[in-house]
Amino acid sequence: MLIQVAALYRASKKKRDNLWTEWVSRPPAALLVYWLQHTAITPNQISFVAILVAAIGVGLLVGWTTWIGLIVAALVLQLAYVIDCVDGQLARIKQMTSPVGALLDFMLDEVKAFLVLGGAAVRLWRLQHDDKFLLIGIVGLCAAASGITLTTFMRRDEYLAATGGKAVLPATERADFLPRSFSPIALMESAGRLVLHYPSWFLLVAFSNRLEIFLYAYVGAHLLYLARASLTVLMKLGRGPK
């Protein structure tokens, strides 16, 4: 069985992935794919299971305010991410990949990000009775939603036609964290990708019981992405006539 699971892992993983996803999350996901490959369960159904498990994890994050509760919530969120890896791997094994399935996965990933961000802010507010955490959470949610809106806008055919950009495939690739170069911008982008990929470091935050570090870094990364995306659109579409 292990040989078959290993073969499924190699056949179903993405060519371009970050280290955490490739070596931590996808191996157990491949085991789940082994059990599901001959069933009638579809990749889209797995996507909905992943968001349900993530919602349970966020519920634990908000409601179970001890250190152990934080660790359990982080483990449940890791399980949700493993299940999230299953949908794409199962789709590739069953040859059921589709643009709408990739878009569904992208949309639900962002919903999970909203839940985790909001849950972290509410937990910190409950523990420290400091309204600043609610304010940071609201700012972060606005930044994340605006950034996703801009991303969707910049991928539309109308925007690409107006700016001469290349079409973006609907499939979502979880790129690695290595910088493209050693320029300050490339290094900042690499750090931003790492911060935004919270499954790769959320457990560390939980075990160290420093959830505020996650909130500050995650909101900051979303604000920086929003600033960059806004500047890109402004530069491409805000020019006056020549």
Q | Lys/Arg +1, Asp/Glu -1 at C-beta; the chain dipole; positive extreme among Ala167, Phe133, Leu2 | A | Ala167
Q) Simple spin-label model, 7 Å along Cα-to-Cβ: Ile71 to Gln128 in nm? A) 2.2
Q: Springs between alpha-carbon atoms under 10 Å, Gaussian network over the chain: tell me which of Val86, Val122, Val58 tops the mean-square fluctuations.
A: Val122
Q. Exposure proxy check: Asp87, Asp109 ranked by fewest other beta carbons within 10 Å?
A. Asp109, Asp87
Q.
Between Leu52 and Ser208, what is 0.36 nm times their sequence separation minus the Cα-Cα distance? Round to one decimal in nm.
A. 53.5 nm
Q: Could you work out which residue, out of Pro43, Pro99, Pro27, moves most in a Gaussian network model of the chain, that is, has the largest mean-square fluctuation with Cα springs under 10 Å?
A: Pro99
Q: Please report Rg over Rh for the chain, where both radii come from the alpha carbon positions and Rh follows the Kirkwood definition.
A: 0.99
Q: Over the residues of the stretch 30-134, compute the C-alpha Rg and express it relative to 2.2 N^0.38 Å.
A: 1.23
**Q.** Relative contact order (percent, whole number), the chain, Cα cutoff 8 Å, 6+ residue spacing
**A.** 23
Q) Which distance in nm do the two modelled labels at Ala6 and Met107 give, with both placed 7 Å along the Cα-to-Cβ direction? A) 4.0
(Q) If the elastic network links every pair of Cα atoms under 10 Å, which of Leu231, Leu203, Leu104 fluctuates the most in the Gaussian network model of the chain? (A) Leu231
**Q.** Expected 222 nm ellipticity per residue - DSSP helices of 4 or more, -39500 (n - 2.57), all of the chain, to 500
**A.** -25000 deg cm²/dmol
Q | Gln37 paired with Ser98, simple spin-label distance in nm, labels 7 Å along Cα-to-beta-carbon | A | 2.2
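Select from the chain the helices, each a whole stretch of DSSP H, whose alpha-carbon atoms run 27 Å or more along the helix axis and whose Kyte-Doolittle mean is at least 1.0; answer none if there are none. Display every interim value, and only then the final one.
Numbers: long enough: 43-63 (30 Å, 1.87); 67-94 (40 Å, 1.36); 99-128 (44 Å, 0.92); 131-154 (35 Å, 1.53); 211-237 (39 Å, 1.27).
In the chain, the long hydrophobic H runs are 43-63, 67-94, 131-154, 211-237.
No value in this document is a laboratory result; all are computed from the given coordinates. This is a predicted model, so every value here is computed, not measured. Neighbour counts run over all protein chains shown; Cβ positions are idealised from the backbone, glycine included.
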